[in-house]
1. Exactly one condition in (1) of a type in the set (Gly, Ala, Ser); (2) in contact with a Gly (Cβ under 7 Å, 6 or more places away or on another chain); (3) closer than 16 Å to residue 116 by Cα is not met by residue 81; state its number.
2. For residues that are at pLDDT 95 or above, among the basic types (Lys, Arg) and closer than 28 Å to residue 130 by Cα, tally how many sit in the range 1-44.
3. With the structure loaded, tell me whether residue 239 is loosely packed, with under 14 Cβ neighbours inside 10 Å, of a type in the set (Val, Ile, Thr) and over 20 Å from the mean Cα position of the chain (by Cα) or whether it fails that test.
4. Evaluate the range 13-22: report whether one residue or more is part of a loop (DSSP other than H, G, I, E, B), of a type in the set (A, V, I, L, M) and in contact (Cβ under 8 Å) with a residue 40 or more places away in the chain.
5. Among the residues of the range 50-59, are any hydroxyl-bearing (Ser, Thr, Tyr), part of a loop (DSSP other than H, G, I, E, B) and out of contact with any Gly (no Cβ under 9 Å at 6 or more places or on another chain)?
6. Out of everything in the range 156-205 that is of a type in the set (A, V, I, L, M, F, W, C) and exposed (fewer than 14 other Cβ atoms within 10 Å of the Cβ), what residue ends up being farthest from residue 133 (Cα to Cα)?
7. What are the pairs with Cβ atoms under 6 angstrom where one residue, in the range 175-195, is within 18 Å of residue 227 (Cβ to Cβ) and in contact (Cβ under 8 Å) with a residue 24 or more places away in the chain and the other, located anywhere, is in a helix (DSSP H, G or I) and of a type in the set (Lys, Arg)? Sequence gap at least six, or different chains.
8. Kindly evaluate residue 148 against the criterion of being aromatic (Phe, Trp, Tyr), in contact (Cβ under 8 Å) with a residue 24 or more places away in the chain and not in a helix (DSSP H, G or I).
Amino acid sequence: MAKIHITLQGKGGVGKSFIAATVAQRIAAKVEKPMCIDIDPVNATFHGYTSLDVRRLQVMEDDEINSRKFDDLIELLAPQSNSVVIDSGASSFVPLSHYLISNQVPSVLADLGHQLVVHTVITGGQALLDTVSGFAHLTGQFPEQTLFVTWLNPFYGPIEHEGRDFEHMKAYLMNKHRVSSILRIPQLKSETYGRDLSDMLQARLTFDEAIALSSLTIMTRQRLKIIKGQLFDQLDNSTVI
């Protein structure tokens, strides 16, 4: 059975590609090298990770997303025996989620012996309510055989609304039975950890690639090791890999 990991969230710039890259790296280190696919029609950030051999699947036709192009994705997934990691874009969120639900893709994948794992993101700041709405839409619409992993990203601010953190918000309480795991991206101080991670992401480097660079200072590499350990430990505990 292959696990099909896909990032889904209707808000752009919330960390979907970072999550896809992190999941792919952990699978590669722990299980086997996954097939990686980027279906973001606008910002193919995941595709920029050359060491992950990310394949880009075009879903645009005449400047519009053609949902029939998603059929090609299913054909790619069908024969897989290894895990797959797919990064999607904010612009494809509505047509892609509609396609997956209306075509009963989780059931199709289950019949093929695969399991769908949806990774969605909640972020603080101005995007909080939009990402919470996206979470509620996904967990409320996808069938029960779909696993959900929710990532909390505090980069833009605290993840709280009217004095409630995410786990006490109505959207979560109504759908918490659908959530397999909650993973937390650490709050990183910009002058040290935050800057080091940002530089690594801008260069489209994996953790191992960056840590191996002799051009980086000892402490920069140490901080990246710490971030990697925190994220990988959470993924291991989530039992979705």
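1. That leaves (2) as the condition not met.
2. The qualifying residues number 2.
3. On the way: loosely packed, with under 14 Cβ neighbours inside 10 Å: yes; of a type in the set (Val, Ile, Thr): yes; over 20 Å from the mean Cα position of the chain (by Cα): no.
Against the criterion (loosely packed, with under 14 Cβ neighbours inside 10 Å, of a type in the set (Val, Ile, Thr) and over 20 Å from the mean Cα position of the chain (by Cα)), residue 239 does not qualify.
4. The first filter runs over the range 13-22 and keeps only residues part of a loop (DSSP other than H, G, I, E, B), leaving 13-15.
Now narrow it down to the ones that are of a type in the set (A, V, I, L, M): 14.
If we keep only those that are in contact (Cβ under 8 Å) with a residue 40 or more places away in the chain too, we end up with 14.
Yes; the residues of the range 13-22 include at least one that is part of a loop (DSSP other than H, G, I, E, B), of a type in the set (A, V, I, L, M) and in contact (Cβ under 8 Å) with a residue 40 or more places away in the chain.
5. Kept after step one, since they are hydroxyl-bearing (Ser, Thr, Tyr), are these residues of the range 50-59: 50-51.
Subset that is part of a loop (DSSP other than H, G, I, E, B): none.
Looking for residues that are hydroxyl-bearing (Ser, Thr, Tyr), part of a loop (DSSP other than H, G, I, E, B) and out of contact with any Gly (no Cβ under 9 Å at 6 or more places or on another chain), one finds none in the range 50-59, hence no.
6. At the first step, the residues of the range 156-205 found to be of a type in the set (A, V, I, L, M, F, W, C) are 159, 166, 169, 171, 173-174, 179, 182-183, 185, 188, 197, 200-201, 203, 205.
This time we only want the ones that are exposed (fewer than 14 other Cβ atoms within 10 Å of the Cβ), so: 173-174, 203.
Values: 173: 13, 174: 12, 203: 31 Å.
If we take residues in the range 156-205 being of a type in the set (A, V, I, L, M, F, W, C) and exposed (fewer than 14 other Cβ atoms within 10 Å of the Cβ), then 203 is farthest from residue 133 (Cα to Cα).
7. Correct list of pairs: 193/223.
8. Values: aromatic (Phe, Trp, Tyr): yes; in contact (Cβ under 8 Å) with a residue 24 or more places away in the chain: yes; not in a helix (DSSP H, G or I): yes.
Answer is yes for this residue.
The values are calculated or read from the model by the stated rules, or taken from the named source; none is laboratory data. Keep in mind that what you see is a predicted model, and the values were worked out from it rather than measured. Cβ coordinates were reconstructed from backbone atoms using ideal geometry, including for glycine residues, and neighbour counts include every protein chain displayed.
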